[in-house]
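Have a look at the structure below, then the notes.
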Amino acid sequence: MAAIPLTRTHRILIGIVVAGAVVIAAIGFAGSYAAVRELAEAKGFGQFSLVFPIGIDAGI
């Protein structure tokens with residue numbers, strides 16, 4: 001089965017969708033990072049609270 005050729009409009013729309021997905025993912029990561037960092041600080045993790053959220057999000 002032959003691939004359908006993408007028009008210029010299709011490529012632009014794909015770019016917009018990908019950019020939007022990246023923005024939404026970045027907002028989600030920033031919110032998650034801030035919430036988990038604040039929790040880690042409240043639980044007494046000290047300086048480790050800065051990298052703790054990265055480990056949690058990477059584990060998910």
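Looking at V36, V17, just one residue is in a helix (DSSP H, G or I), free of Cβ contacts under 8 Å to residues at least 24 places away in the same chain, among the hydrophobic types (A, V, I, L, M, F, W, C) and loosely packed, with under 13 Cβ neighbours inside 10 Å, and that residue is V17. Against the list (1) assigned to a helix (DSSP H, G or I); (2) loosely packed, with under 11 Cβ neighbours inside 10 Å; (3) of a type in the set (G, A, S), the condition G44 fails is (1).
Bear in mind these aren't lab numbers, they're just calculated from the coordinates by the rules spelled out. The model shown is predicted, which means the values in this text are computed figures rather than measured ones. Every residue, glycine among them, receives a Cβ derived from its backbone with ideal geometry; neighbour counts consider all protein chains shown.
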